[in-house]
Amino acid sequence: FYQYSPAFYIDDIQNYGMGGVITTTSDTATTLSYINPYVTGNGLLWGINPLTNSLSEVVSSFAAQSPISIGIYNNLGTQVTTGLVGTGLTVKIMQNGTLLSQYTAVLYGDVDGDGTINAVDLLKVKKHILNIIPLTGVFLTAANTDRGTDPVIGATDLLKLKQQILKTYTIIQN
């Protein structure tokens, strides 16, 4: 299938949302794998569906095969075992306890990190636009609900967020 080295093959798979690691013994190569159904880049993971973002659904969507494991961690580094996956949580992909990859989750529209898109998020974006309480970091990224390439969070982002809450628009997550 591929004319290139196994290292290129794994890199190519990761660029398309799959991941894997090849470990080599003296006479065999073993592929340890998982499927990453989300988009990743610059240390971020996005493409999370706000209707199916329970911790168990997100973890199981990776279809990790032993000895690969997926863990979700809060900003204190404590593993989270229940609830929703929202902006700011860390997704760690491990092999036998060794970190392979780590990403910060982004749920566009979820600017408070609770895993839901609601009026609290709308208020936080309004306060950001009015320069009352500026959003920073990954929460600023999550406020880019129009998914524009401009770094400015403005009226269009606020409108898309309001439409999502009213169920007249769906914020593009991937």
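List every residue pair whose Cβ atoms lie under 8 Å apart, where the two residues are 6 or more positions apart in sequence or sit on different chains, the first residue falls within segment 139-160 and is over 20 Å from residue 120 (Cβ atoms) and of a type in the set (A, V, I, L, M), and the second residue, located anywhere, is at pLDDT 95 or above and part of a helix (DSSP H, G or I).
From residues that are over 20 Å from residue 120 (Cβ atoms) and of a type in the set (A, V, I, L, M), there are no pairs.
For segment 109-128, give me each residue that is in contact with a helix residue (DSSP H, G or I) (Cβ under 9 Å, 6 or more places away or on another chain), open to solvent by 20 Å² or more (accessible area, probe 1.4 Å) and part of a loop (DSSP other than H, G, I, E, B).
Passing the criteria: 112, 113, 114, 117, 118.
I'd like to check something: does segment 26-34 contain any residue that is part of a strand (DSSP E or B), of a type in the set (Gly, Ala, Ser), at pLDDT below 95 and on the phi < 0 side of the Ramachandran plot?
Checked segment 26-34: at least one residue is part of a strand (DSSP E or B), of a type in the set (Gly, Ala, Ser), at pLDDT below 95 and on the phi < 0 side of the Ramachandran plot.
Report whether or not residue 84 is in contact with a Gly (Cβ under 6 Å, 6 or more places away or on another chain) and either open to solvent by 30 Å² or more (accessible area, probe 1.4 Å) or at negative phi (or both).
For residue 84, the condition - in contact with a Gly (Cβ under 6 Å, 6 or more places away or on another chain) and either open to solvent by 30 Å² or more (accessible area, probe 1.4 Å) or at negative phi (or both) - is met.
Could you check, for segment 56-77, whether at least one of its residues is open to solvent by 20 Å² or more (accessible area, probe 1.4 Å), assigned to a strand (DSSP E or B), more than 18 Å from residue 34 (Cβ to Cβ) and modelled with pLDDT of 95 or more?
No: zero hits.
I'm trying to understand the selection: among the residues of segment 129-162, which are part of a helix (DSSP H, G or I) and over 16 Å from residue 107 (Cβ atoms)?
Passing the criteria: 129, 155, 156, 158, 159, 162.
Kindly provide the set of residues from segment 41-55 that are over 20 Å from residue 138 (Cα atoms) and either buried (at least 17 other Cβ atoms within 10 Å of the Cβ) or not β-branched (Val, Ile, Thr) (or both), ordered by number.
Hit for segment 41-55 is 51, nothing else.
The values are calculated or read from the model by the stated rules, or taken from the named source; none is laboratory data. Computed from a predicted model, the values in this text were never measured in an experiment. Every residue, glycine among them, receives a Cβ derived from its backbone with ideal geometry; neighbour counts consider all protein chains shown. Remember, those area values only see protein heavy atoms, side chains included, never the ligands or the DNA or RNA. Shrake-Rupley method; radii C 1.70, N 1.55, O 1.52, S 1.80 Å.
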